[in-house]
Amino acid sequence: MFTRIALALALLAPALAQAAPVRAGRTAQAARVAVRLTAKNAAAVPGETRTLEATLVTSATGRPVAGKPVSFKLKVGNQILALGTGTTNAQGKATVSWKATEINQGAYTLTARFAGDAQTTAAADDANFAMIKGITNLSLGNLIWGPLDAHGGGDFGVVFVELRRQADGQRLAKPITMTVNGQTWQVNHGSNPSTTVSIVLPSNTNRWTVKAQYFGDGANQASSVERTYSH
C-alpha cells in the first residue's frame, strides 16, 4: 500500500515542480504596490505657459513614489490634447510645462495618468482646467507721409495697425474694424499673423481721427485704440 503511494508521489513530482512557478508568479503580481494619483487644478490664458502637476503616492501609507512617468491630457470638446509626460521626483510630483493654445474660454478636464508597471498598479485622476480669455492690445503706428511711388504722384498718408496677444506678444490674425473720420470698414490680417495691416488715409484732408477696434472672440478679449493724426 505504502509502496503504491510513494510511487504515485514520485510520478506527480515533475508536475508539481512545473506548477510551482505559476503559483509564485501569481503571488508576485498580487504584491504590486497600490498607488493613488492626485492631479492639481490649473488655469491659463492663450499664449501663457503653465506648469501642470500631479502627485503619486502609495495608497496604504501615502509615501511618495519616485521615478514613474505621468502623462497629462486635456479634453476639449471631442478632442484630446496630449500635453506631455513628466517623471515623478522624490516627493512623488510630476510636472509638465505647457503653452496654452487658443482655446475658447470655459471649463475643461485635465487628466493625469500613470499606466502602471511590474511593481506598481496603474492610477489616474481628473482635475479642473479653466481657460480664460486672453487680453489683447491694438496699436496704431506713426503717420507715414510720402509720394505714391518712386516715380512721383500725389502724396498720401499711411498708418499701420497691429493686434497682439498680451500673454506672449504673439501677433493675431483677426478681423479689425477701422473708422477714419467717421467712415468705417473692416480689414483682416489674413491667415498670416506675422504681418501688420497698412491703412491708407483719405487724401482730401490733412487731419485724421483713426480708430481701430477688435471685438474679441471665444478665446480673446476685445480691444481698441484711437489716435489723431495731422500733416
Check your understanding: In whole angstrom, and with the biggest value first, how far do the Cα coordinates of the range 136-230 range along each principal axis?
Key -> 44, 27, 19
Review point. So for TYR214, TYR229, fewest C-beta neighbours within 10 Å to most, what's the order?
Key: TYR229, TYR214
Exercise for review: Run down the lysines and flag those whose C-alpha is under 27 Å from the C-alpha of LYS93, throwing out any fewer than 8 positions away in its chain.
Suggested key: LYS40, LYS68, LYS73, LYS75
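Report the relative contact order of the range 136-230, percent, no decimals, based on alpha-carbon pairs under 8 angstrom and at least 6 residues apart. List each step's numbers first, then the result.
Values: 195 pairs, mean separation 27.0, N = 95.
Once normalised by length, the contact order is 28 percent.
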Check your understanding: What is the packing order of peptides 60-68, 96-104, taking the mean over residues of other C-beta atoms within 10 Å and listing the highest first?
Key -> 96-104, 60-68
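No value in this document is a laboratory result; all are computed from the given coordinates. Everything numeric in this text was worked out from a predicted model, so none of it was measured. Cβ: placed from backbone, ideal geometry, glycine included. Neighbour counts: every protein chain shown.
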